[in-house]
1. Please pick out the residue among Thr362, Thr284, Thr261 that is under 30 Å from Ser408 (Cβ atoms) and in contact with a helix residue (DSSP H, G or I) (Cβ under 9 Å, 6 or more places away or on another chain).
2. Name the single residue that is modelled with the lowest pLDDT among those in the stretch 216-229 being surrounded by 16 or more Cβ atoms within 10 Å (Cβ to Cβ) and out of contact with any helix residue (DSSP H, G or I) (no Cβ under 7 Å at 6 or more places or on another chain).
3. Of the conditions (1) open to solvent by 50 Å² or more (accessible area, probe 1.4 Å); (2) without any contact (Cβ under 8 Å) to a residue 12 or more places away in the chain, Ala306 clears all except one; give me its number.
4. If you scan the stretch 398-423, which residues turn out to be modelled with pLDDT of 85 or more, open to solvent by less than 40 Å² (accessible area, probe 1.4 Å) and in contact with a helix residue (DSSP H, G or I) (Cβ under 9 Å, 6 or more places away or on another chain)?
5. Inspect the stretch 158-175 for any residue being at pLDDT 80 or above, under 17 Å from Leu225 (Cβ atoms) and in the same structural domain as Ser234 (by the TED database) and give the result as yes or no.
6. Do you know which of the residues in the stretch 112-134 that are open to solvent by less than 50 Å² (accessible area, probe 1.4 Å) and under 28 Å from the mean Cα position of the chain (by Cα) is modelled with the lowest pLDDT?
7. Just checking, does the stretch 230-249 include any residue being assigned by the TED database to the domain that holds Trp339, at pLDDT below 85 and either under 16 Å from Leu452 (Cα atoms) or in a loop (DSSP other than H, G, I, E, B) (or both)?
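The values are calculated or read from the model by the stated rules, or taken from the named source; none is laboratory data. None of the values given here were measured: they were computed from a predicted structure. Neighbour counts are summed over all protein chains in view; Cβ atoms, including those assigned to glycine, are modelled from backbone coordinates with ideal geometry. The protein model used for the area step is the full one, side chains on, heavy atoms only, and it has no ligands, DNA or RNA in it. Shrake-Rupley method; radii C 1.70, N 1.55, O 1.52, S 1.80 Å.
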Amino acid sequence: MLCRRPGPWRWPAALRRLSRLAPPAPAAADPAVVRVDASNVARLGAPKPGPRPRQLLSLPPFPAGPDPLPGRKAAAHRVTAVSWVKHYFADVPQEAVQAHFNRRMVFSECSDHEVSADSIRTQKHHLKKIKHNDAMEPGMRIHLPVSVAEGEVKKRYETIPTATLHPNKDEIEYLRRLVIHRDSAILVLNKPPKVPMKGHLPVHNSMDVLAAAALSYGNEEGPKLVHRLDRESSGLILMGRTKESFTRLHWLFTSVNLAKTSSQTWNKAREAYMQKYWALVIGTPKEREGVIAAPISKVLLDEGKAERVILAHPSGIDGAQEAVTEYRVMGPTINGCSWIELRPLTGRKHQLRVHCAEALGTPIVGDYKYGWFVHQTWKQNPQPDFEPFTGEPYKLRRPEGLEIQKGSVLSKVPLLHLHCREMVIPNIAKFLSSTGEWHENGAPWTKEKPNLLRFVAPMPPHMKISWNIMSSYLV
């Protein structure tokens, strides 16, 4: 006969879970909300997911020195955050920049002692919101949404003149609309893509021929090209209106040391010379920023009918030329591509394209000469983009109300996404008189003029649409 042991009855674990004495814990359920659709029918469903975090654009570190904003009058002792952002985005309406500050969408990198528990929970502990009147300090970095540079594209296709040696009235007006600066010494133009720089017998619509015919503005001689861009590239090009200005600036673009004089004012302005390009590359460089010091050399193909630029052999026996480029990843990505900022310290042919394709391993979108194989694999196997905080993949979509122009990142055959966006040069008109006389410290009647000139050119339509697509689907 079985006897019960004294003491409390021990229920089996399986029965205990189902007993009323210890009921199972309620399953976690998402809070439900009542939705009313267009037909006024109420339904019970899960709440809509919140907005995805915006992908941020990284600005370069705030420069040190007495003149952090070249070409712009500002208080040397204090530069505010909104002034720095407006200076960098000179081609963006100031209302758009101010709106991002008003909505508290502008951040700066913070130090370790400023990290809070809430910022760690939201995984944004390295950023803090910044006000428009906060003072900038050397080395300070600002991050803001890519939507700040989103612009309206009014025309689907860029109209390129079919010019001859004698442009007509419409072509002259088109060329003069490309001019963004004109003084007694120089012309600065925003070159569209697919326009050659130097003409020869079968080419009559090159920039030098068109400028000589349409941009003389009453001078006996037309302006001359100081430097060149590739045919497929776009952006700022500089022309000298006089022989003296062309010679001085050509020395500057060839080598900064060649343009050195005995004038301290000119030499200080000469050292501030700078060019910056924006490019969309396939992939992302391993390092976020750095310096590419890779010599390049030319090789002849097809029995001398074509040439190609490659990275030079380390031995240097193949006629290598020194080539140095600074680069910085700006942050935004789209369809497996990244926007980067390039600053060439030397001016070699195809330098930026070769450095991106061969040195970084990330060829520029639309550069089929140096990145043909990568383009094929990129189109066949598109890489998904992921949110920086949740890790969820983005869904690439076409923005509403925007016609995808032939040549953007979503087209089958994109155009070259390389644009000379920013240029800082000495104000040579301050040192040259109308008669060509050189004034070491500037002409007496030009004391009020700045020593530096800074120009920012907006992107061409196909690159602007690529930027807008990225802004629309990442927000």
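1. Details: Thr284 fails: in contact with a helix residue (DSSP H, G or I) (Cβ under 9 Å, 6 or more places away or on another chain); Thr261 fails: under 30 Å from Ser408 (Cβ atoms).
Every option except Thr362 fails the conditions.
2. Arg228
3. All conditions are met except number (1).
4. Pro414, Leu416, His417, Leu418, His419, Glu422
5. Start the filter on the stretch 158-175 by keeping residues that are at pLDDT 80 or above, which leaves 173-175.
Still in the list and also under 17 Å from Leu225 (Cβ atoms): 175.
Checking which are in the same structural domain as Ser234 (by the TED database) leaves us with 175.
Looking for residues that are at pLDDT 80 or above, under 17 Å from Leu225 (Cβ atoms) and in the same structural domain as Ser234 (by the TED database), one finds at least one in the stretch 158-175, hence yes.
6. Residue satisfying both the conditions and the ranking: Leu127.
7. Of the residues in the stretch 230-249, the ones assigned by the TED database to the domain that holds Trp339 are 230-249.
With the extra rule that they be at pLDDT below 85, the set shrinks to none.
No.
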